[in-house]
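The values are calculated or read from the model by the stated rules, or taken from the named source; none is laboratory data. As the structure is a prediction and not an experimental result, all values here were calculated from the model. Because the Cβ atoms are built from the backbone with ideal geometry, glycine has one as well, and the counts that use them run over all protein chains shown. These accessible areas exclude ligands, DNA and RNA; they are computed on the full protein's heavy atoms, side chains included. Shrake-Rupley method; radii C 1.70, N 1.55, O 1.52, S 1.80 Å.
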Amino acid sequence: MLKQRLEQKLLQKLSPQQIQLMKLLQVPSMALEQRIKQEIEENPALEEGREDETPDEEMSYEDDIAGDEGEEIPEESNANDEFNLEDYISDDDDTPAYKLSANNSSPDDDRRDIPFASGQSFQELLITQLGFRKLSEKEYQLGIQLIGNIDDSGYLERELQSIVNDVVFSLNIRTTIDELANVLEVIQEFDPPGVGARNLRECLIIQLERKEHFTEATENALLILKKFFPEFTRKHYDKITKRSGLSDDQLKSAMDEILKLNPKPGNSLLDSMKTNHYIVPDFILINNDGKLEVSLNSKNLPELRVNRAYHEMLETYQKSDKNDRKAKEAIMFVKQKIDSAKWFIDAVKQRYNTLETTMEAIVRHQFAYFQDGDETLMKPMILKDIAEEVHLDISTISRVVNSKFVQTNFGTFSLKSFFSESLSTDSGEEVSTREVKKILQDCIEAENKRKPLTDDHLAKFLKEKGYNIARRTVAKYREQLNIPVARLRKELT
């Protein structure tokens, strides 16, 4: 049964302009440049340039429809009717093809192509080496299958039995684990050394066995990897010397030999193929004799304005006597493009103002740190602190600091790195957790590597400095700094 009734609801709806502003706030300068170019391509009413610019070659819409200066217009024609609406919105385009292309070179020109170097992938390198071996057709197909299962680090982590099943279903080739193992031994002779290993132990042993000159240290290293690998991974050096009979000097020489090996042989090729990714800062902070000056890095961003021809086109249509449906559709189209261009320009300007206001608030809050970059001077700061200072929502501040960087005299940093939780000292002073992490890292770097400090010792050390921190908090900060536990930091010096 249908019923009609009145109901009041309080809803929060975002306008298209607000949605557009939020999207522009969270993109960095490089992405904003691409976004502006995309908007210019999609909206013909938006163009580059300042509002006060009047290029000599720019022709107004009325001049365009009136013709060149001095040209007489027939009396029977009407200036308002010179622009044919039918031609404007027509889908048919009879423009000759030669007017849509340009060729500024002649057949006699010397054409020189720029050669581009194309790298070889890791798997392609292994397949090339496989082709140099004398293998049967079946062995070659098995080798291709094995290489396809080797990851980027150079390891074959899949079980041979699973690969046997894959070969049967995909290639219709019946094989055994022994046949696959024989082909795998061939692949393990390829470069880089250690490729095709099924675990770290096998990878390191392969690299040692391929050394041209065997020394006592090499033999001792092989002994450790083959018989005492669990103790080696846990750095139980006392157990290794006791069970192997090696002296401390022999153990140290063997460990130095192992540390020279590459635990991820596949990455040696991937590192050479990596491309450098450069960070374009969104802000530039200059320390002018103690006075911090913030500026937006907008040198690659074009200035925007509304195309004047569209304004004149809209005025002409509104003054015309045409009231048919197509004329109204044309007016609505032009008006929509002009409004969209104005909204985008206003959103970009508002983005600049919001970014600048937020960055200035961050600089004021971390003024002591930005003077010389000393992390111990960084104050605790959360998004709520900046939001209350600039009178904006926390979500807006989060979008501002997302993927944004600032260039200072002491380096380029992410805006997120300036935010940290607070911690109370014994004197009741609020300090940043960044300060505690910095002290913790310096303490670990200065420790005796033969007897590294445990988390309990680190907690006691911080308490002596006035930071009342529990052991589990020290462990959390240590993990955030990617520092292993004390046992794994132990070294033979």
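Quick notes on this one:
- Taking region 290-405 and the helices (runs of 4 or more DSSP H) fully enclosed by it, the elements with 1 or more residues that are on the phi < 0 side of the Ramachandran plot, open to solvent by 70 Å² or more (accessible area, probe 1.4 Å) and basic (Lys, Arg) are at 308-319, 325-365, 383-390.
- Residue list for region 155-165, restricted to those being touching a helix residue (DSSP H, G or I) at 6+ places or on another chain (Cβ under 7 Å) and either in a loop (DSSP other than H, G, I, E, B) or on the phi > 0 side of the Ramachandran plot (or both): Leu156
- In a residue-by-residue description of region 367-386, the property of being touching a helix residue (DSSP H, G or I) at 6+ places or on another chain (Cβ under 7 Å) and of a type in the set (Phe, Trp, Tyr) applies to at least one position.
- Assessment of region 342-354 against the conditions (farther than 19 Å from Ser414 by Cβ, touching an Asp or Glu at 6+ places or on another chain (Cβ under 7 Å) and not small (Gly, Ala, Ser)) yields at least one matching residue.
- Single unsatisfied condition, Pro193 versus (1) assigned to a loop (DSSP other than H, G, I, E, B); (2) surrounded by fewer than 17 Cβ atoms within 10 Å (Cβ to Cβ); (3) under 36 Å from the mean Cα position of the chain (by Cα): (2)
- Any hit, region 411-423, residues being within 23 Å of the chain's Cα centre (by Cα) and open to solvent by 60 Å² or more (accessible area, probe 1.4 Å): yes
- Test: residue in region 446-461 that is loosely packed, with under 15 Cβ neighbours inside 10 Å, at pLDDT below 85, of a type in the set (D, E, K, R) and out of contact with any Ser or Thr (no Cβ under 7 Å at 6 or more places or on another chain): no
- Residue match in region 205-219 (condition: touching a residue at least 60 places away in the same chain (Cβ under 8 Å), closer than 27 Å to Asp256 by Cα, in contact with a strand residue (DSSP E or B) (Cβ under 8 Å, 6 or more places away or on another chain) and surrounded by 12 or more Cβ atoms within 10 Å (Cβ to Cβ)): no
- From the options Leu223, Leu200, residue that is out of contact with any helix residue (DSSP H, G or I) (no Cβ under 7 Å at 6 or more places or on another chain), open to solvent by 30 Å² or more (accessible area, probe 1.4 Å), of a type in the set (A, V, I, L, M) and within 30 Å of Gly245 (Cα to Cα): Leu200
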